[in-house]
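Below is one structure; the comments refer to it alone.
The values are calculated or read from the model by the stated rules, or taken from the named source; none is laboratory data. Remember, it's a predicted structure, so these values are computed and weren't measured experimentally. Cβ placement follows ideal geometry from the backbone for every residue including glycine, while neighbour counts extend to all protein chains displayed. When the accessible area is computed, the model is the full protein with side chains, heavy atoms only, and any ligands, DNA or RNA have been set aside. Shrake-Rupley method; radii C 1.70, N 1.55, O 1.52, S 1.80 Å.
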Amino acid sequence: QVQLVESGGGLVQPGESLRLSCVLSGSIFSIYAGGWYRQAPGKQRELVARITTGGSTNYADSVKGRFTISRDNAKNTVYLQMDSLKVEDTAVYYCKADRGFRNYWGQGTQVTVSS
């Protein structure tokens, strides 16, 4: 059974950084694309960043230049480095692993940016 567990969320001030981690168990992450999504209160879940099995990445326009997605297949982990955080980045962040029609989601981790 494939499971994803996110960690690294928290409360930070604007301009600070956080690194989210997503560990996959029950399979090997290297065969899945990895993605980070977020959902703010009252809003739809949106893609933040995605990394393919080959390491290609894409980002939402709102986070380009501030966030970096990466993967360490030896650790079965995908990361999201978030720098220069803004209040509008506040949301629950979810990790997703996908391969064709197979999609798996983590339970989410709260990121709050507030002064």
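Model label sites at S7 and R19, defined 7 Å from Cα along the beta-carbon direction, differ in position by 1.3 nm. Computed with a 1.4 Å probe over protein heavy atoms only, the accessible surface of the range 48-108 comes to 51 Å² per residue.
Near the amide H of F67, within less than 5 Å, lie the amide hydrogens of D83, all on another chain or at least 5 residues away, with H placed in the peptide plane. Taken over the chain, the percentage of Cα pairs per 10 Å bin, counting from 0 up to the bin with the maximum distance, is 15, 50, 29, 6, 0.
Each Lys and Arg contributes +1 and each Asp and Glu -1, all at the Cβ; summed about the Cα centre of the range 32-115, the dipole is approximately 220 debye. Set the Cα radius of gyration of the range 1-65 against 2.2 N^0.38 Å, with N its number of residues, and you get 1.25.
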